[in-house]
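Read-outs throughout are calculated quantities, based only on the coordinates presented, and are distinct from any laboratory measurement. Since the structure is predicted, the reported quantities are computational estimates derived from the model, not experimental observations. A quick note on method: Cβ atoms are made from the backbone with ideal geometry, for glycine too, and the neighbour counts reach across all protein chains shown.
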Amino acid sequence: MVDYTALSHRIAALCEHETNDIALMATIACEVHHSDDRFDWTGFYRVTEPQVLKIGPYQGGHGCLVIPFSRGVCGAAARSQEIQIIADVEAFEDHIACSSSTRSELVIPVTNGQGALIAVFDIDSDQPNAFDAQDASALSSILQRSLNGCRLGLWAPVIFGSAHLPHPTRSKKTPTQSRGSSSSGEMNY
Ligand code: SME
């Protein structure tokens, strides 16, 4: 079983003062993945445009690149914004099998400080019924604490209005300059 207190402290220490969403996600995926042999694929699918998830930082074999909210366990988590604990992926009708060895799965919706869905966090296991409520709760807390400051992508203001514009103190550059970088809290997309 994972020592979630130690994992949480380790991630907090590694991510201290970091504001780049991708760097934060890459660190979280790495530390969670290597914390337990149950975890065979660990990573993020980010909301890159309305109703679309695209692969983000992950550990493990290749994962499918694009998942619409209408598909898979990840799409179910994104649509419902509820944690999905799948004891047997074969029993989940629309499961997307990125690996034939996957037997069970945990997917956690990730929201930022404004309550906006920014990603889902997906863990696959080759063991049946590998995940429980303690895993879900502990990982959800780690994700919430670590990714609280993340912003929606550059498309958000277009779709949702100015409420999702970069916070003036976090982004000193115009959107065109912020492409690909969020080191000063600039937008990710
Ligand atoms: N199994 C997921 C797809 C992502 S791969 O597992 C990395 C799903 O059904 O949404």
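Legend: ranking of residues 89, 73 from fewest to most surrounding C-beta atoms inside 10 Å; resulting order 89, 73.
Sorted ascending by nearby beta carbons within 10 Å, beginning with the fewest, 44, 92, 69 become 92, 69, 44.
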